[in-house]
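Everything on this sheet refers to the single structure shown next.
The values are calculated or read from the model by the stated rules, or taken from the named source; none is laboratory data. Bear in mind the structure is a predicted one, so any value in this text is a computation, not a measurement. For neighbour counting, all protein chains shown are included, and Cβ atoms are generated from backbone atoms with ideal geometry for every residue, glycine included. Side chains included, ligands, DNA and RNA excluded: accessible areas come from the protein's heavy atoms. Shrake-Rupley method; radii C 1.70, N 1.55, O 1.52, S 1.80 Å.
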Amino acid sequence: SASSDGSTQGSEFEVRIPVAETTERVGPASPSLASPTSRRVLVVEDNPDARETLVLLLESWGHWVTQAEDGEAAVALAARETLDVALIDVGLPRMDGYAVARALRAIPAYHQLRLVALTGYSREEDRRLAHESGFDAYLVKPVDPDALQSVLSGPLS
């Protein structure tokens, strides 16, 4: 609402935002996940703004999220972490997302890791390359939150 006592008396603005009633945890989940729908997610994205936005979204959904800005860092991080899902930008510099997917699939513990390609590329050839590289799902940027939610909420292998 807005109010004023006159043209030279200033103005008062009041904004009321209702508090959502929830019993669900909001924010990053701990690595020892209590919820069966929470995931340990690796975000690999070279654009810092896009990476941070995705991390914040995933954490708001209750996932535990770790991040890497390039392929080499992602593979090194994956060797030290336990992950359920990796969201990988295909257009990474030096080591592209296809190479990252192949490297993760080569780690015995990650043969069943859910790999999701996040890309601005949407040609059939790009989808074929992603499939051949070991990706399980292919999401085109800007990513539809419902599609991302669906990929994350499916049963883990």
Over region 59-77, the set of residues closer than 16 Å to residue 117 by Cα and either assigned to a helix (DSSP H, G or I) or among the hydrophobic types (A, V, I, L, M, F, W, C) (or both) is 68, 71, 74, 75
- Would you check if there is a residue in region 99-118 being within 17 Å of residue 134 (Cβ to Cβ), among the β-branched types (Val, Ile, Thr) and touching a residue at least 40 places away in the same chain (Cβ under 8 Å)? yes
The residue that is farthest from the chain's Cα centre (by Cα), considering only those in region 123-152 that are closer than 23 Å to residue 58 by Cα and open to solvent by 70 Å² or more (accessible area, probe 1.4 Å), is 136
Residue set 103, 117, 137; condition closer than 14 Å to residue 72 by Cα and touching a helix residue (DSSP H, G or I) at 6+ places or on another chain (Cβ under 7 Å); output residue 103
How many residues of region 92-110 are part of a loop (DSSP other than H, G, I, E, B) and buried (at least 16 other Cβ atoms within 10 Å of the Cβ)? The answer is 3
Across region 1-40, the tally of residues that are touching a Gly at 6+ places or on another chain (Cβ under 9 Å) and at pLDDT below 50 stands at 7
